[in-house]
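The values are calculated or read from the model by the stated rules, or taken from the named source; none is laboratory data. Predicted, not measured: the structure shown is a model, and the values here were computed from it. In this analysis, Cβ positions are derived from the backbone assuming ideal geometry, glycine residues included, and neighbour counts consider all displayed protein chains. These accessible areas exclude ligands, DNA and RNA; they are computed on the full protein's heavy atoms, side chains included. Shrake-Rupley method; radii C 1.70, N 1.55, O 1.52, S 1.80 Å.
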Amino acid sequence: MPNLAHPAYPSAELLHLESLVPCRESQVSMLLSIFGERQHFSFPSIFIYGHTSSGKTYVMQTLLTTLQLPHVFVNCVEHFTSRLLLEEILIQLQSCSSGTEQTSPVHCDTLNDFVRLFKQTLASQELQDQTVYIVLDRAEQLREMEANILPAFLRLQELTDRNVTVILLSEIVWELFRPSIGCFEPFTMYFPDYSIGHLQKILSQNHPPEYSADFYAAYINILLGVFYMVCRDLKELRHLAALNFSKYCEPVVRGEEFWLAAANERDTRKLWKNIEPHLKKAMQTVYLREISRSKQSSYINISYVRMGLSAHTHMELPYYSKFLLIAAYLASYNPVRTDKRFFLKHHGKIRKTNFMKKHEKTSNHLLGPKPFPLDRLLAILYSIVDNRVAPTANIFSQITSLVTLQLLSMVGQNDQLDGPRYKCTVSLDFIRAIARTVNFDIIKYLYDFL
């Protein structure tokens, strides 16, 4: 017996809708009750919240598309200003009204213009006889817009005197939206996270046609047993399932005493032992999407080793922060007396001697980084940067940021008369990778590599 039932919609459409939204039947049934029939006035605004990958966007898109309800679907991250947002709503609304894609530009500078153009667009008889739904995905971005945008969307049905319902989709609760001056309260609805049974049911529906449903369900059960405690994102789990299934099937493809028709417990245990080390390796890169399907094992071994920088130590820094870090590394691992040789353009002739002090016979990289004053760091920075860099507050704030990121460490107290002293804490491989991004050959400037 189908779980979805509504007198306003054909049972065949509801049955098809139920097959498209597994494990979300109760939420869809609640939405259908709120929507009512096509010509009925619905609730002015609905606020739907839940964690990421809980099915909010997918359920709303599937529901409105399957039942062919006139709707507008806008992502507030893509349309990050009020003007872009209002104009996109009007463009999609005109497409619904005319039945063809709207190509002419729409100019809407203020909320008053939006209300006026909205009324004109809904003047068609087709849209007047049924509810129009405006879905705003990632609605938390509305808090960054003008103060009147959110209250206006919550009362859009009252402002336009039209049969319209605004649906807000968000990952945060309504209490973080509510303005301090108050506003119209929407109907709130929560989408809970998928349980492990729900994930098992949803992921098992995507089994390849050449394998039986029971065989793929056993694989999903193994996958969830490994990843469920660290990852409950449906999209990521679906990616991991597709990524590792070929490895799970390797013994079957090779024909090592496995039979797809009747896989018993012994076969499942063998399949688990074959894929267990592979899944443990994939556990280290959950959410990173750094392993391709065809070259999963060779990606890290070749690409990142060649770069000299692992995926976990790579970070993006501002342009001058990279040069500051390079200058700090040079100051930490080069003796002070070599600065004239490396960074002074017209240093004259330097006499070479075979005399070396006892402590200089050991590599500076083995002795570790040495502290250096701030003025030496800035002097090396000005020498290695082609453009003239003024000692502004921006440069000093980037030094503080490098200390916060623990790429530099401050030595001693801040109230010393000779100013602060720092040490560079990054490795040689790390600084070589950073230098490579700005086309700087740091090996040429290191005393140990002369």
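Modelled this way, with points 7 Å down the Cα-to-C-beta line, the labels at Ser29 and Trp174 are 2.2 nm from one another.
By how many nm would the segment from Gln205 to Asp448 grow when fully extended, if each residue of separation counts as 0.36 nm and the alpha-carbon distance is taken off? List each step's numbers first, then the result.
Details: separation 243, 0.36 × 243 = 87.48 nm, distance 5.99 nm.
That works out to 81.5 nm of additional length.
Rounded to 0.05, the FRET efficiency of the Ser11 and Val230 pair, given R0 = 41 Å and the Cβ-Cβ distance, is 0.50.
Once the C-beta distance of Ser363 and Thr400 is scaled by a Förster radius of 30 Å, the resulting FRET efficiency is 0.45 to the nearest 0.05.
At the residue level, Thr268 shows approximately 50 square angstrom of accessible surface with a 1.4 angstrom probe and all protein chains present. Arg116 contributes an accessible area of around 120 Å² to the protein surface, as traced by a 1.4 Å probe with all chains present.
Full-extension gain between Asp129 and Phe80, please, as 0.36 nm times their residue separation minus the C-alpha to C-alpha distance. All intermediate terms of the calculation are to be shown ahead of the outcome.
Working: separation 49, 0.36 × 49 = 17.64 nm, distance 3.17 nm.
Roughly 14.5 nm would be gained on extension.
Rounded to the nearest 20 debye, the dipole magnitude of region 11-190 is 160 debye, with +1 charges on Lys and Arg beta carbons, -1 on Asp and Glu beta carbons, and the Cα centre as origin. Subtracting the Cα-Cα distance of Tyr58 and Phe187 from 0.36 nm times their residue separation leaves 44.5 nm of extension gain. Surface analysis of region 11-190 yields an accessible area of 46 Å² per residue, using protein heavy atoms and a 1.4 Å probe. Which percent of the accessible area of region 11-190 is formed by carbon and sulfur heavy atoms (probe 1.4 angstrom)? Within region 11-190, the accessible surface is 51 percent carbon and sulfur.
Counted by Cβ distance under 9 Å from Ala8, the other residues give a net charge of 0, where Lys and Arg count +1 and Asp and Glu count -1.
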